[in-house]
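Student: Below is a structure I'd like to ask you about.
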Amino acid sequence: MALIPYALTRPFLFGLDPEQAHDLTLGALARIQHTPLICGVAQTRVIDPVTVAGLTFPNRIGLAAGLDKNGRCIDGLGAMGFGFIEVGTVTPKAQPGNPKPRMFRLVEAQALINRLGFNNGGLDAFVANVQRARFRRNGGILGLNIGKNAATPIERAVDDYLLCLDGVYPHADYVTVNISSPNTQNLRSLQSDEALDALLGAVQARKADLAERHGRNVPIFVKIAPDLDESQVTVIAATLQKNAIDGVIATNTTVARDTVKHLPHAQEVGGLSGAPVFEASNRVIAQLRSSLGAAFPIIGVGGVMSAADALAKRAAGADLVQIYTGFIYQGPDLVSQAARALAGR
Ligand SMILES: Cc1cc2nc3c(=O)[nH]c(=O)nc-3n(C[C@H](O)[C@H](O)[C@H](O)COP(=O)(O)O)c2cc1C
């Protein structure tokens with residue numbers, strides 16, 4: 001357990017506007033991460049090494065993308081016991097995202113809705129932050145998640161992904177191609193057959209050049225949505241295999257509202273995360289596992305609010321598990337509880 005119990009901090013943070021609470025927390029973490037004050041929130045990392053996609057992860061629990069979009073707090077978050085941390089989504093150019101308010105808590109449902117829209121400081125600032133981080137030197141695995149600018153037409157999306165890939169490749173343990181945010185217009189259309197095949201073909205061709213130039217093979221993961229039916233998941237699985245993609249992250253937030261429609265904020269536009277996305281994400285993971293076979297790396301994410309939920313993700317077919325909303329609701333203790341529950345499994 002961390003020195004400062006989250007049960008004390010949470011009521012204060014939940015009294016603030018969600019985005020304000022987020023900015024305040026990340027700002028504080030950025031300031032203390034390289035000072036002795038980090039002891040207040042630090043936790044011993046559970047040691048349970050596992051090799052997935054050729055990488056040795058210190059344990060199976062990771063931080064999902066989107067919490068640290070600019071990679072400012074990699075070491076502060078890394079001190080909380082995660083085996084791996086994914087930062088981003090980064091886009092080639094800085095962009096402000098959607099107008100505020102754009103993040104909402106549905107406390108009764110242990111959920112969030114966000115329509116941030118890839119607000120971030122752009123590729124150059126991101127890479128500079130990532131280069132300053134010590135997490136990788138301390139044995140952590142760092143994933144860098146890439147996307148496209150809102151102003152780039154969807155027909156030119158590939159250009160943005162390739163620009164980002166060029167920039168992040170030398171600094172990443174793995175790179176995630178995010179094609180599943182509901183908050184960038186038409187982004188999720190990249191999950192459909194021909195568009196996906198064209199994007200992944202271009203990414204893999206560029207990766208081959210980069211691997212040669214940098215003398216290092218960096219695995220490419222693709223992150224998909226939960227709002228896909230069985231036939232869509234089957235086609236995606238086949239396209240991942242055809243393009244020799246190294247792994248899949250399932251899932252992003254959902255646009256569905258069926259389980260929360262009676263709650264305040266439920267009608268806000270955006271992606272719903274937390275407990276309500278758990279079942280849908282498990283369904284996609286199980287379908288992917290049955291389509292892709294036992295050896296294909298799957299990272300499960302969506303609605304992990306407890307150690308038991310992390311075990312259920314494993315049971316559905318995930319090799320590794322990420323959390324975001326559970327971390328907001330339960331705090332850092334969830335990281336070590338979940339990592340311990342998955343140790344040796
Ligand atoms: C506020 C917020 C911002 C997010 N931003 C991103 C992002 O930039 N890129 C991304 O791939 N996923 C993003 N996600 C999705 C999460 O990484 C995760 O896939 C999703 O929330 C489901 O996991 P959870 O239920 O544990 O939160 C975001 C989620 C939230 C709640």
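Student: Under a point-charge model restricted to the Cβ atoms of Lys and Arg (+1) and Asp and Glu (-1), what is the dipole moment magnitude of region 158-222 relative to its Cα centre, in debye to the nearest 20?
Tutor: Values: 5 positive and 9 negative charges, 40 e Å.
For this selection, approximately 200 debye.
Student: Remind me, relative contact order of region 1-57 in percent, using alpha carbon pairs under 8 angstrom and six or more residues apart? Could the numbers behind the result be given before it?
Tutor: Details: 21 pairs, mean separation 25.0, N = 57.
Taking the mean separation of contacting Cα pairs over the length of region 1-57, I get 44 percent.
Student: Over its Cα atoms, what ratio of radius of gyration to 2.2 N^0.38 Å does the chain give? Intermediate values should be presented prior to the final figure.
Tutor: Working: Rg = 18.4 Å, N = 345, 2.2 N^0.38 = 20.3 Å.
Ratio of Cα Rg to 2.2 N^0.38 Å: 0.91.
Student: Let me ask something additional. Using Cα pairs closer than 8 Å and at least 6 residues apart in sequence, work out the relative contact order for region 42-103, in percent. Walk me through the numbers before you get to the answer.
Tutor: Values: 86 pairs, mean separation 20.9, N = 62.
Relative contact order comes out at 34 percent.
Student: Could you work out, for region 250-345, what percent of all Cα-Cα pairs fall into each 10 Å distance bin, beginning at 0 Å and stopping at the bin that holds the largest distance?
Tutor: 17, 46, 30, 7, 0
Student: Using the Cα centre as the reference, give the magnitude of the dipole from point charges on the C-beta atoms of region 254-345 (Lys, Arg: +1; Asp, Glu: -1; all else neutral), rounded to the nearest 20 debye.
Tutor: Values: 8 positive and 6 negative charges, 45 e Å.
So the magnitude is around 220 debye.
Student: When the accessible area of region 29-93 is computed with all protein chains present and a 1.4 Å probe, what percentage of it is carbon and sulfur?
Tutor: Details: 1280 of 2150 Å².
Ligands and nucleic acids excluded, carbon and sulfur reach 60 percent.
Student: How much of the accessible area of region 227-345, in percent, comes from carbon and sulfur atoms when a 1.4 Å probe is used?
Tutor: On the way: 2470 of 4420 Å².
Roughly 56 percent, rounded to a whole number.
Student: Moving on to the next point. Arrange the residues E194, E268 by how much accessible surface each exposes, largest first, with a 1.4 angstrom probe.
Tutor: On the way: E194 150, E268 55 Å².
Ranked list, largest accessible area first: E194, E268.
Student: Sort out for me the Cα centre separation of region 199-255 from region 1-68, rounded to whole Å.
Tutor: If we compute the Cα centre of each part, the gap is 27 Å.
Student: Send over a whole-number figure in Å² for the accessible area per residue of the chain, probe 1.4 Å.
Tutor: 40
Student: Considering only the other residues whose Cβ falls under 13 Å of the Cβ of D160, what net charge follows from Lys and Arg at +1 and Asp and Glu at -1? Can you show the working numbers first?
Tutor: Numbers: positive: K93, K148, R156, R206; negative: E155, D159, D166.
Charge balance near D160 sits at +1.
Student: With 28 Å as the limit, write out which pairs from K148/K261; K100/K313; K148/K207; K100/K261 have Cα-Cα distances beyond it, or answer none. Present the calculation step by step, with values, prior to reporting the outcome.
Tutor: On the way: K148/K261 31 Å; K100/K313 33 Å; K148/K207 17 Å; K100/K261 22 Å.
Check vs 28 Å cut-off fails for K148/K261; K100/K313.
Student: Give me log10 I(q)/I(0) at q = 0.17, 0.23 Å⁻¹ for region 185-251, Debye formula, one equal scatterer per alpha-carbon, no solvent.
Tutor: For region 185-251, the Cα-only Debye profile gives -0.61, -1.00.
Student: Next question, about the same structure. Give me the percent of DSSP beta bridges within the chain that run antiparallel, rounded to the nearest 5. Each step should come with its number before you reach the end.
Tutor: Values: 13 of 42 bridges.
Percent antiparallel among DSSP bridges in the chain is about 30.
Student: Taking the full set of protein chains and a 1.4 angstrom probe, give the accessible area of D23 in square angstrom, rounded to the nearest 10.
Tutor: For D23, solvent-accessible area is about 80 Å².
Student: Using the basic label-point model (7 angstrom from Cα toward the beta carbon), what is the I154 to A315 distance in nanometres?
Tutor: For the pair I154/A315, the computed spacing is 3.8 nm.
Student: Stokes-Einstein at 4 °C, 1.567 mPa s, Kirkwood radius from Cα pairs: D for region 1-79 in µm² s⁻¹?
Tutor: Values: Rh = 14.2 Å.
D, rounded to a whole number, is 91 µm²/s.
The values are calculated or read from the model by the stated rules, or taken from the named source; none is laboratory data. This is a predicted model, so every value here is computed, not measured. Methodologically, a virtual Cβ is constructed for each residue, glycine included, from the backbone with ideal geometry; neighbour enumeration extends over all protein chains shown. Each accessible area value is taken on the protein alone, full model and side chains, heavy atoms only, with ligands, DNA and RNA left out. Shrake-Rupley method; radii C 1.70, N 1.55, O 1.52, S 1.80 Å.
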